[in-house]
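Input: a single structure, listed below in structure tokens.
The values are calculated or read from the model by the stated rules, or taken from the named source; none is laboratory data. Just so you know, these numbers come straight off a predicted model, no measurement behind them. FYI the Cβ positions are ideal-geometry reconstructions off the backbone, even for glycines, and counts take in every protein chain you see. With ligands, DNA and RNA removed, areas are computed over all heavy atoms of the protein, side chains included. Shrake-Rupley method; radii C 1.70, N 1.55, O 1.52, S 1.80 Å.
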Amino acid sequence: MADQDFDQQALIADIKEKFYWAIMVRYALVVLGLVLVVFGSFLGSLQNINLLLVLFVLVYNFVAHLIYVAKVKFSLWGIIVLRSVFQILDVLAITFLIYITGWLESPYWFLYLVMIIISGFGMYSYSSISVFVIAFFSAVFYMGLLGCAYLRIIPMYGPNFTLTSQQLLISIYNKAIFTTVSFFLFATTIYYFSKLLNQNREQLAEKNKNLLAALEELKDTDRLKDEFVSNASHELRTPLSVIRENIALIKDGLLGQTTSEQRDLLQTTQSNIDRLANILNSLLDISKIESRSLELRRQPVNISEIAHRAVEFLLPKAYSKNLEVETHFGEKIMILADADQILRVFINLLTNAIKYSNENGHIMVGIEDLGEKGVECFVSDTGIGISQNDLPKIFERFVRFDKQKENKGAGLGLSISRGIIEMHGGKMWAVSKLGEGSRFIFRLPKGAENE
Ligand code: ADP
């Protein structure tokens, strides 16, 4: 029901807009008509009747304009009837034009057909039928004109006919039959095309609506899933920390003697619990980032100092693999950011660089001040690299390409990192060549003036 209401409102708005454009077009024609009348008067052929036509159009168009401005709310049939009335007045104006430009000989009778086309394609399916209304009134006005002129009810303009009244009658009869049949043939063709077009439009609108509904459903499911992941991770964290504490108590011998074998086993259990806790934390973070509920505590920070801290923190790990770590950044580059989160990004990238490098490799961390454009940071390595096939998927959740046992990870680090950078208004991307190494780059706005 609400959908139907919405559709009708859209339809009314559409017809109203076309009604307005018709008013503007008529004004333009009135101006053109006036120019022609004035031009004609210079040539000495001012005919009051031309001016009368222009005034006639101006007056009823002005009335249309007044109604348009005064009436704010239209019903669907209200606006269709109103528009039809003014279209019929247009047909009357065309008949007037034909009358003053040569009657039977007037070249303007095709304007009736133009009106039929405009009414057929200018409206929606509700009023495709309007082409027949226009065809009907065209026929009535045109034949009325022929009749009135023949009976000398109205004076004749244009070429004087040298036909006998019998010949004139035959000519009028032929013309009347020909034009009326043309009107209705033409109207039928336009009606058919208009219906066809509307049918396609309706089908498209229906499909569009279904797609939008499916999208909404998907969004709901996605929200539910995020909520579930977030709740589950939250609930699992507490029992997990209790288990961890208990294992620590046993391992440290506080509850009685343990053998070294038992201690080894408990140690492995503990590190697996740590890993599980890390994964749970990452899951919580990713759901916060995706729902944009991760709170950033932005402050002016020296990003060089943050990068330095990350390098210092991971240096022992790098040295244990005999990796050389080179840094390229100035002393002080201030940005407005959440220092903890940016530190996390550097740590994630550096951890990966170490994890996915072979012994004796080379890691480089750099920051470049881009002035107005912000800062660009990178972490590169000479490690195993990523294939061109895998590269576009690298920032997706749970994506892992290196399945080596010692490189166990949840495949969330990069999506969290990119999420953090994007929440700061920046962007992150990677370039890599399989077997040669990778470079992860991110750019951040400096903040303050951009916020
Ligand atoms: P993970 O915890 O598995 O490291 P990430 O999201 O950090 O999760 O990384 C996703 C995947 O991207 C990794 O499993 C690995 O296949 C690939 N990857 C990330 N960083 C690098 C890198 N520096 N060199 C090669 N591959 C990488």
Can you classify the stretch 81-121 as rounded, prolate or oblate using the Cα gyration tensor, where a ≥ b ≥ c are the square roots of its eigenvalues, rounded means a/c under 1.5, and otherwise it's prolate if a/b beats b/c and oblate if not? oblate
Just the number, please: carbon plus sulfur as a percent of the accessible area of the chain, 1.4 Å probe, no ligands or DNA/RNA counted. 62 percent
Name the helices (complete DSSP H segments) of the chain with a Cα length along the long axis of 20 Å or more and a Kyte-Doolittle mean of at least 0.0, or state none. 2-42, 48-70, 76-100, 130-150, 303-320, 339-355
Dipole check, the chain, charges on Cβ (K,R +1; D,E -1), about Cα centroid: among Val399, Gln262, Gly40 the Cα furthest to the positive pole belongs to Gly40
The aspartates and glutamates whose Cα lies under 15 Å from the Cα of Lys219, excluding any fewer than 8 residues away in the same chain, are Glu227, Glu290
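Once the Cβ-Cβ distance between Gln199 and Ala70 is put in as r, and R0 is 35 Å, what FRET efficiency do you end up with, to the nearest 0.05?
Working: r = 36 Å, r/R0 = 1.02.
According to the calculation, E is roughly 0.45.
By per-residue mean of other Cβ atoms within 10 Å, what is the highest-first order of 434-446, 253-265?
Numbers: 434-446: 19.1, 253-265: 10.2.
The packing order, highest mean first, is 434-446, 253-265.
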Charged-residue dipole, Cβ positions (Lys, Arg, Asp, Glu), the chain about Cα centre, Debye nearest 20: 1320 debye
Show the residues, 5+ positions off or on another chain, whose built amide H is closer than 5 Å to the amide H of Leu412. Phe398
Net lengthening on full extension, Leu29/Ala248 (0.36 nm per residue, minus Cα-Cα): 69.7 nm
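To the nearest 0.05, how large is the calculated FRET efficiency for Trp21 and Asn210 if R₀ is 41 Å and r is the Cβ-Cβ distance? Each step should come with its number before you reach the end.
On the way: r = 31 Å, r/R0 = 0.77.
E(calc), rounded to 0.05, equals 0.85.
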Taking a ≥ b ≥ c as the square roots of the eigenvalues of the Cα gyration tensor of the stretch 221-359, is the shape rounded (a/c under 1.5), prolate (a/b larger than b/c) or oblate? oblate
Compute log10 of I(q)/I(0) for the chain with the Debye formula, placing one identical point scatterer on every Cα and leaving out solvent, at q = 0.11 Å⁻¹, to two decimals. -0.93
Under 5 Å between amide hydrogens, which residues at least 5 positions from Tyr356 or on another chain qualify, with H placed 1.01 Å from N in the peptide plane? none
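Quickly rank 208-220, 292-304, 175-187 as a protection proxy: mean count of other C-beta atoms within 10 Å, highest first.
The packing order, highest mean first, is 175-187, 292-304, 208-220.
Indicate the gyration tensor shape class of the stretch 299-450 (rounded, prolate or oblate), computed on the Cα atoms with a ≥ b ≥ c the square roots of the eigenvalues: a/c under 1.5 is rounded; otherwise a/b larger than b/c is prolate and the rest oblate.
Judged from the Cα gyration tensor, the stretch 299-450 comes out prolate (a/c at least 1.5, a/b above b/c).
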In this structure, among Lys355/Lys393; Lys288/Lys427; Lys321/Lys373; Lys332/Lys393; Lys317/Lys373, pairs with alpha-carbon gaps over 29 Å are Lys321/Lys373; Lys332/Lys393; Lys317/Lys373
For the chain, build the charge dipole from Cβ charges (+1 Lys, Arg; -1 Asp, Glu) around the Cα centre, then report which of Asn200, Tyr150, Thr188 sits farthest towards its positive end. Tyr150
Cα pair distances in the stretch 109-224, grouped into 5 Å bins until the bin that holds the longest one, percent each: 2, 11, 15, 14, 11, 10, 8, 7, 6, 4, 3, 3, 2, 2, 1, 1, 0, 0
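Run the helix sum for the chain: -39,500 (n - 2.57) per DSSP H stretch of 4+ residues, divided by residue count, reported at 222 nm to the nearest 500 deg cm²/dmol.
Working: 10 runs with 287 residues, N = 451.
Rounded to the nearest 500, it is -23000 deg cm²/dmol.
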Contour minus Cα-Cα span, Ile49 to Gln262, at 0.36 nm per residue, comes to 65.3 nm
Under 5 Å from the placed amide H of Thr327, counting only residues 5+ away or on other chains, we find Val365
Among the aspartates and glutamates, which fall within straight-line cross-link reach of Lys209, defined as a Cα-Cα distance under 15 Å, with same-chain neighbours fewer than 8 residues apart omitted? Asp3, Asp5, Asp7, Glu217
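Restricting to the chain, compute how many DSSP beta bridges are antiparallel as a %, nearest 5. Don't skip to the answer; put the middle values down first.
Working: 25 of 30 bridges.
Here the share of antiparallel DSSP bridges comes out near 85 percent.
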Full-extension gain in nm, Val81 to Ser171, via 0.36 nm per residue minus C-alpha separation: 28.8 nm
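Taking 22 Å as R0, compute the FRET efficiency from the Cβ-Cβ separation of Thr269 and Val229 and round it to 0.05. Walk me through the numbers on the way to the answer.
Numbers: r = 25 Å, r/R0 = 1.12.
Efficiency for this residue pair is about 0.35.
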